[in-house]
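What follows is a single structure, written as structure tokens, with notes after it.
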Amino acid sequence: MSICMPEVDAALVARRDEIAAQLRRIVPGEGVINDPTGLRPYESDGLTAYRQMPLVVVLPETVEQVAQVMAWCHAQEIKVVPRGSGTSLSGGALPVGDAILLGLGKFKRILHIDYEDRLAVVQPGVTNLAITKAVEHAGLYYAPDPSSQIACSIGGNVAENSGGVHCLKYGLTTNNVLGVQMVLADGQIVRLGGRSLDGPGLDLLGVVVGSEGLVGVVTEVTVRLLAKPQTARALLIGFDTVEEAGACVASVIGSGIIPAGMEMMDRPAIHAAEAFVGAGYPLDVEALLIVELDGVAAECDHLIGEVERIAAENGARQIRVSADAEERNRFWAGRKAAFPAVGRLAPDYYCMDGTIPRRQLPLVMRRMAELSQRHGLVVANVFHAGDGNLHPLILYDANRAGELERAEEFGNDILRLCVEVGGVLTGEHGVGVEKRDLMPAMFSEEDLRHQQRVKCVFDPDLRLNPGKVFPMLHRCAELGRMHVHGGQLSFPDIPRF
Ligand SMILES: Cc1cc2nc3c(=O)[nH]c(=O)nc-3n(C[C@H](O)[C@H](O)[C@H](O)COP(=O)(O)OP(=O)(O)OC[C@H]3O[C@@H](n4cnc5c(N)ncnc54)[C@H](O)[C@@H]3O)c2cc1C
């Protein structure tokens, strides 16, 4: 493990059985797991290169149980890692050896659907796709669509501010969540946001969305529902160079068109996806764009014509427009299966996630090819081109000594490159443990201190999801002391811990 995790308190681990027994008084029966075989399935998340056994797994079924578990952990000074479905690709749900893993997997109920106000109130363990499935009979859907939507939970989506193919037009999780109920580190139950787009006071809901399990345990989510567009059609556009494809993306957005989705794949990804699902992708191109337009039929037809024209101006070699829903689904099937498809090319792959300004795409692709040579590892590229969100998949073999470390170094270089060209370290997968130590490449020490002060407001003892997101573990009390200048205590009215 090259990423350091907080030191495990051996004395606490020695009390595992006693702690489990105490927790069983709150969550009886099979809701508390402390035997090694039962703990094993929870030792990792989607960042499978890293694993650690949790102290105890707790699977509550009611909000009251969550509140009591949190209050008990608070009183006992025990740390807590919240977990949804465990699909995080940045190690956000990676257990900590002396922390309880609090799984929300049993919170699977859709509590209320308001068809008139177009919203749904759901428990955090409901999968992303299950929300759409529950309302599609009424012509509605939940817009953010991570590729993991069949498995990932809405609670995890809130914590990661997850995105997907259709977020270019319809916004990320943060634009589609209206309110949450959350249990704080000390067991208090709070509500933030509500049923409308804006609420009174500070936008604390905005702090919670994307907070990666660092500020509270989400126990209920209110989401917006949108009406399914009347028509949706997709284009497959092949290019001889990645530069032309990148320029086409910039021209489409520059023309004022906002496609429902605009995805790009490079040659290795195209070949892997085609071999995996037979989506009908051209194999003699260097880059492939899938562009989806939606709306009323006449608007859709018009926009398809516009995108065809722009693509031709940018040197497109092949353009195909989906004739029907089946063909459109086939175009997307390759893209949606691109990760497992690339997984067949090598024993392991490392999925990166960074964002760049769209115009930098050709430069970044060129530099990435150089980095691939330098690190001696192949990279396949699949990305949300419309919003500049890259997902380079670095192929490696963990059984070869040093290859994981080389893959990580390559990945770090890609993320530093994203920042260098004016982008950011993350797109949609969060910071977790994966990008934690790169945070100083993006933020100054002062920025990081202020961000952590926000966390301290919710979790002053730093017991929620420790070791994630922030590169250095400052205690909140130390943070308070850092702002003393010339003997003058800044913000003297803020309580010090
Ligand atoms: C094949 C694959 C494809 C993917 N594609 C995408 C994609 O297209 N777009 C995208 O954005 N992501 C994608 N992901 C990443 C992942 O699915 C998302 O980050 C997802 O939101 C995680 O949800 P989860 O329920 O699995 O959360 P987990 O992995 O269990 O947890 C993720 C984080 O959320 C916190 N958390 C979970 N539940 C709660 C809660 N109730 N309260 C507070 N904190 C909580 C955890 O502490 C952790 O920090 C993909 C992952 C895989 C494996």
| task | Note down, for the stretch 1-123, the three equivalent ellipsoid semi-axes (square root of 5 times each alpha carbon gyration tensor eigenvalue), biggest first, whole angstrom. | result | 27, 19, 12
| query | Is it possible to state the helix-based mean residue ellipticity at 222 nm for the chain, with each DSSP H run of 4+ residues giving -39500 (n - 2.57), the sum divided by total residues, to the nearest 500 deg cm²/dmol? What is it? | reply | -10000 deg cm²/dmol
| query | Could you give the length gained on full extension between R309 and A297, defined as 0.36 nm per residue of separation minus the Cα-Cα distance, in nm? | reply | 2.5 nm
| request: Take the stretch 306-444, drop everything but the C-alpha atoms, weight them equally and run the Debye formula without solvent; then report log10 I(q)/I(0) at 0.13, 0.17, 0.20 Å⁻¹ to two decimals. | output: -0.65, -1.02, -1.25
| note | Rounded to the nearest 10, the angle in degrees between the Cα long axis of helix 403-420 and the longest principal axis of the Cα atoms of the chain comes to 80
| If one puts a single equal scatterer on every Cα of the stretch 373-468 and applies the Debye formula without solvent, what log₁₀ I(q)/I(0) results at q = 0.15, 0.24, 0.25 Å⁻¹? | -0.74, -1.31, -1.36
| task | May I ask you to work out the translational diffusion coefficient for the chain at 25 °C, viscosity 0.890 mPa s, via Stokes-Einstein with Rh from the Kirkwood sum over Cα pairs, reported in whole µm²/s? | result | 103
| task | State, as an integer percentage, the relative contact order of the chain based on alpha-carbon contacts under 8 Å between residues 6 or more apart. | result | 14
| said: Pairs on different chains or at least eight residues apart, Cα atoms closer than 17 Å: how many lysine pairs in the chain fit? | reply: 7
| field | Carbon and sulfur %, accessible surface of the chain computed with the full protein complex present, 1.4 Å | value | 52
| Cα extents of the stretch 199-357 along the three principal axes, largest first, in whole Å? | 52, 47, 31
| Just how much of L94 is accessible, in Å², when a 1.4 Å probe is used and the result is rounded to the nearest 10? | 0
| task | Relative to the longest principal axis of the C-alpha atoms of the chain, give the angle of the C-alpha long axis of helix 361-375, reported between 0 and 90° and rounded to the nearest 10°. | result | 70
| request: Could you do me a favour and compute the accessible area per residue for the chain, 1.4 Å probe, result in Å²? | output: 41
| task | Would you rank H384, H112 by solvent-accessible area, highest first, keeping every protein chain in place and using a 1.4 Å probe? | result | H112, H384
| remark: Here the gain from full extension of L283 to D397, 0.36 nm per residue of separation minus their alpha-carbon distance, amounts to 38.4 nm
| task | For the stretch 164-171, take each phi angle, set θ = phi - 60°, evaluate the Karplus expression 6.51 cos²θ - 1.76 cosθ + 1.60, and give the result in whole Hz per residue in order, putting x for glycine and proline. | result | x, 3, 8, 6, 4, 9, 9, x
| field | Cleavage-rule hits (trypsin sites (Lys or Arg not before Pro)) in the stretch 324-387: DSSP loop, at most 14 neighbouring Cβ within 10 angstrom | value | R344
| Across the stretch 224-240, in residue order, what do the Karplus-derived ³J(HN,Hα) couplings come to in whole Hz, using 6.51 cos²θ - 1.76 cosθ + 1.60 with θ = phi - 60° and x for Gly and Pro? | 7, 10, 10, 6, 4, x, 4, 9, 9, 9, 10, 10, 9, 10, x, 10, 7
| query | Can you give the extra length, in nm with one decimal, that the chain gains between A11 and S251 once fully stretched, where that is 0.36 nm per residue apart less the Cα-Cα distance? | reply | 80.4 nm
| By DSSP, what percent of the beta bridges with both residues in the chain are antiparallel, rounded to the nearest 5? | 85
| request: Mind pulling the angle between the C-alpha long axis of helix 297-313 and the longest principal axis of the chain? Nearest 10 degrees, somewhere in 0 to 90. | output: 70
| task | Could you grab the relative contact order for the stretch 218-290? Cα pairs under 8 Å, six or more apart, rounded to a whole percent. | result | 45
| Using θ = phi - 60° and the Karplus curve 6.51 cos²θ - 1.76 cosθ + 1.60, what whole-Hz ³J(HN,Hα) does each residue of the stretch 459-469 get, with Gly and Pro shown as x? | 9, x, 9, 6, 9, 9, 6, x, x, 10, 6
| Near the amide H of V32, under 5 Å away, which other amide H atoms are found, from residues 5 or more places off or on another chain, if H is placed in the peptide plane? | L59
| Normalised by the residues of the stretch 5-70, what does the relative contact order come to in percent, with Cα pairs under 8 Å and at least six apart? | 33
| Principal axis box of the stretch 143-242, alpha-carbon based, largest edge first, Å | 57, 27, 24
| said: If I ignore ligands, DNA and RNA and count only protein heavy atoms, how much of F443 is accessible to a 1.4 Å probe, in Å² to the nearest 10? | reply: 60
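The values are calculated or read from the model by the stated rules, or taken from the named source; none is laboratory data. Worth saying up front: this structure is predicted, and the values here are computed from it rather than measured. Methodologically, a virtual Cβ is constructed for each residue, glycine included, from the backbone with ideal geometry; neighbour enumeration extends over all protein chains shown. Ligands, DNA and RNA are excluded from the accessible area calculation, which covers all protein heavy atoms including side chains. Shrake-Rupley method; radii C 1.70, N 1.55, O 1.52, S 1.80 Å.
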